[in-house]
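So the structure is just underneath, and the comments pick up after that.
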């Protein structure tokens, strides 16, 4: 008889690491990380919820590491993970970041930072990034509107992103003058 770990091939450990790294993810996002085992992940998720190892907010369709994470869920992290999932096939490593960076990932020998800028935070983010040492990093900047891009003055921007609640990501660049 096979043990649960043999059946899931360590997927439970990977799932717990994913949720504790980002704290709150949409259920669909979690399944996207396990695309080859999508259907077998559903009973594993249900089992971890029953064990109290993860929390499921049914009203918002969120998987969280704690019940409190659901109440404080930030759209910014969910949007950043949708951007990460666009690169999923080529990602070698990913992890959460510190303000203002939501997450970091490495893809095809390049480092990326995903930064979320809500309306009204443009000057703050410009100031924070200017005070930090320059890195050889590609920045993907998530905005809530294209108009925000004109107010962003930081280096290393690869693209601006608009992310729909359903996870569709549109990429833009500034027009050079």
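The values are calculated or read from the model by the stated rules, or taken from the named source; none is laboratory data. In this text, all values refer to a predicted model and were calculated from it rather than measured experimentally. Ideal geometry is used to build each Cβ from the backbone, glycine not excepted, and the neighbour counts take in all protein chains shown.
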For the stretch 63-109, name all the residues that are closer than 23 Å to residue 48 by Cα and more than 10 Å from the chain's Cα centre (by Cα). 63, 64, 65, 66, 67, 68, 69, 70, 71, 72, 73, 74
Having 2 or more residues that are under 19 Å from residue 149 (Cα atoms) and in contact with a strand residue (DSSP E or B) (Cβ under 8 Å, 6 or more places away or on another chain) is the bar; report the strands (runs of 3 or more DSSP E) wholly within the stretch 49-127 that clear it. 101-107, 110-117
Are any of the residues in the stretch 107-121 without any contact (Cβ under 8 Å) to a residue 60 or more places away in the chain, farther than 20 Å from residue 169 by Cβ and not assigned by TED's automatic domain parsing to the domain that holds residue 44? yes
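Kindly establish whether residue 95 is touching a residue at least 40 places away in the same chain (Cβ under 8 Å), surrounded by fewer than 15 Cβ atoms within 10 Å (Cβ to Cβ) and touching a helix residue (DSSP H, G or I) at 6+ places or on another chain (Cβ under 7 Å). Talk me through it step by step, then tell me what you get.
Values: touching a residue at least 40 places away in the same chain (Cβ under 8 Å): yes; surrounded by fewer than 15 Cβ atoms within 10 Å (Cβ to Cβ): yes; touching a helix residue (DSSP H, G or I) at 6+ places or on another chain (Cβ under 7 Å): yes.
Criteria met by residue 95.
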Of everything in the stretch 145-172 that's crowded, with 17+ Cβ neighbours inside 10 Å and touching a residue at least 24 places away in the same chain (Cβ under 8 Å), which residue is farthest from residue 75 (Cα to Cα)? 154
Are any of the residues in the stretch 73-91 farther than 18 Å from residue 31 by Cβ, at pLDDT 90 or above and surrounded by 17 or more Cβ atoms within 10 Å (Cβ to Cβ)? yes
